[in-house]
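Each remark here refers to the structure printed beneath this line.
Bear in mind these aren't lab numbers, they're just calculated from the coordinates by the rules spelled out. As the structure is a computational prediction, the values presented were derived from the model and not from experiment. Note that each Cβ is placed from the backbone with ideal geometry, even for glycine, and that neighbours are counted across all protein chains shown.
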């Protein structure tokens with residue numbers, strides 16, 4: 001039988017597990033728990049434990065709708081263990097009405113939340129295993145799926161987190177402001193779910209709209225999930241929703257700490273994934289399409305601002321978030337998407353180059369990007385001139401050393417006169433060297449010189465930097481932005497004008 005939660009709370013103002021109304025349960029999470037999957041996670045909220053694994057994006061199978069779709073299809077499979085609840089029972093096929101409802105909610109939520117347009121004709125499979133169900137199962141599943149998707153490197157506009165909120169008593173009658181004895185409850189447990197009305201809220205960080213809002217420190221939340229199965233009067237709905245959104249922001253801080261604790265390993269895994277994807281796409285698709293998908297995949301979202309905490313108990317908070325976006329549906333952020341094309345374009349504001357951090361958001365920033373492209377090409381010409389000047393320096397040093405060695409031979413030649421030609425003390429080889437040195441009509445063979453190890457190291461370093469700058473210029477040109485390509489031409493002209501004005505050697509007759 002469920003415990004009498006509605007009677008116990010008004011007497012002590014403490015819940016059955018000792019928490020106050022605005023406290024979360026202990027949240028522990030890990031990522032990369034299953035090396036065989038693309039991404040995996042383990043999350044526990046109180047006694048609710050969930051494991052999640054993500055496979056894909058993979059090529060869509062025929063008949064499932066992904067093969068002919070312009071975006072990826074998200075598939076969710078939820079399996080509730082027989083020992084997850086209080087009553088142990090065998091479920092047919094490992095699923096029941098609860099798992100089907102959770103799978104449907106997760107599928108529709110992440111189908112609209114993820115950037116599925118980056119993976120056309122593919123499938124993203126999410127497998128959720130509920131090991132222990134002690135309340136807030138849907139919210140915990142949302143959080144576990146978010147961590148697994150981040151571990152898999154699938155782009156999304158922000159972390160999607162879920163939390164439950166309820167009331168401390170029956171809220172079926174209208175709320176009386178003069179005799180309000182009911183308090184909202186954050187992160188309800190299983191005994192509270194069985195007696196009290198509750199709802200599940202899922203929020204994500206909304207991207208700023210407009211240039212004036214990009215410098216605001218206060219984050220706004222956008223509601224992406226709103227599920228409620230119990231009956232409650234509409235006067236309590238606003239309070240419960242505000243408490244749920246506040247709980248989502250607290251959970252988001254915890255999840256960001258977990259992700260940051262694994263950030264170095266995620267960078268290595270992401271680099272390996274990019275190289276593998278590029279090689280695979282280059283074998284099966286044309287080169288232009290491969291580079292297009294690779295650049296879109298490279299824009300992943302490892303640029304999340306993450307705190308340093310890993311797993312901890314959230315402190316008590318009494319305030320609720322104000323000025324939050326309560327609109328339902330999915331946030332797309334079209335105004336701040338990176339605009340790229342594999343065809344000739346004239347994009348200015350909204351274009352991205354090389355990395356998502358190089359996102360042009362104003363005309364001044366685009367002008368600075370054009371000036372930077374010009375300076376980059378000028379520096380390439382400067383490096384070429386520096387290589388030629390250093391080669392000339394090496395030649396001069398070699399000639400100085402050769403002339404210093406030749407001076408000794410000159411002294412010997414001066415000491416050799418016609419009077420000494422018949423001197424038997426002078427060898428025949430010395431006489432032949434002296435005669436060949438004084439004969440101006442003798443053909444001289446070219447002198448070869450091999451630079452020393454230090455000189456060749458400096459030449460190699462100059463060549464490496466020159467190659468790196470040229471490769472970056474090539475990557476900039478591959479965005480097919482007309483303004484950037486014109487700036488590359490201007491930089492080539494200015495660089496040749498300033499650093500390629502070398503004297504021309506005229507042939508001697």
Quiz prompt | Principal axis dimensions, the range 75-171 - Cα atoms, whole angstrom, descending | solution = 43, 35, 21
Quiz item: So between residue 112 and residue 400, what do we pick up on full extension, going 0.36 nm a residue minus the alpha carbon distance?
Solution: 96.4 nm
Practice problem: Report the label-to-label distance for residue 496 and residue 131 in nanometres (one decimal), using points 7 Å from each Cα along the Cα→Cβ vector. | Solution: 6.6 nm
Quiz prompt | Inter-probe distance in nm under a simple model that places probes 7 Å from Cα toward Cβ, at residue 349 and residue 194 | solution = 5.8 nm
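Would you kindly state how much longer the chain becomes between residue 447 and residue 83 on full extension, computed as 0.36 nm times their sequence separation minus their alpha carbon distance, in nm to one decimal?
On the way: separation 364, 0.36 × 364 = 131.04 nm, distance 8.68 nm.
Stretched out fully, the residue 447 to residue 83 stretch lengthens by 122.4 nm.
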Quiz item: Relative contact order of the range 97-174: what whole-number percent is it, with Cα pairs under 8 angstrom and at least 6 residues apart?
Solution: 35 percent
Quiz item: Can you give the Rg to Rh ratio of the range 95-142, both from alpha-carbon atoms, with Rh computed by the Kirkwood formula?
Solution: 1.02
Quiz prompt | Projected label distance in nm at residue 363 and residue 465, using a 7 Å step from Cα toward the beta-carbon | solution = 3.7 nm
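Sort 359, 463 so the one with the fewest other Cβ atoms within 10 Å of its own Cβ comes first. Please list the in-between numbers first.
Details: 359 18, 463 13.
Ranking 359, 463 by Cβ neighbours within 10 Å, fewest first, gives 463, 359.
Hey, can you rank 186-199, 470-483 by average C-beta count inside 10 Å, highest first? Don't jump to the answer; show the numbers that get you there.
Numbers: 186-199: 22.4, 470-483: 15.6.
The most tightly packed comes first, giving 186-199, 470-483.
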Practice problem: Assuming R0 = 30 Å, can you tell me the calculated FRET efficiency for the pair residue 100 and residue 253, based on Cβ-Cβ distance, to the nearest 0.05? | Solution: 0.40
Quiz item: Using mean Cβ contacts within 10 Å as the protection proxy, how do 492-503, 373-384, 137-148 order, highest first?
Solution: 137-148, 373-384, 492-503
Self-check item: Hypothetical label at residue 389: residues of the range 461-501 whose amide nitrogen lies under 13 Å (7 Å Cα-Cβ projection)
Solution: 498-501
Self-check item: Ranked by how many other beta carbons lie within 10 Å on average, peptides 234-242, 451-459, 116-124 from highest
Solution: 116-124, 234-242, 451-459
Quiz item: Name the residues of the range 342-366 whose amide N is less than 11 Å from a point 7 angstrom out from the Cα of residue 478 along the C-beta direction?
Solution: 354
Exercise. Just rank 388, 19, 13, fewest to most, by other beta-carbon atoms within 10 angstrom.
Key: 13, 388, 19
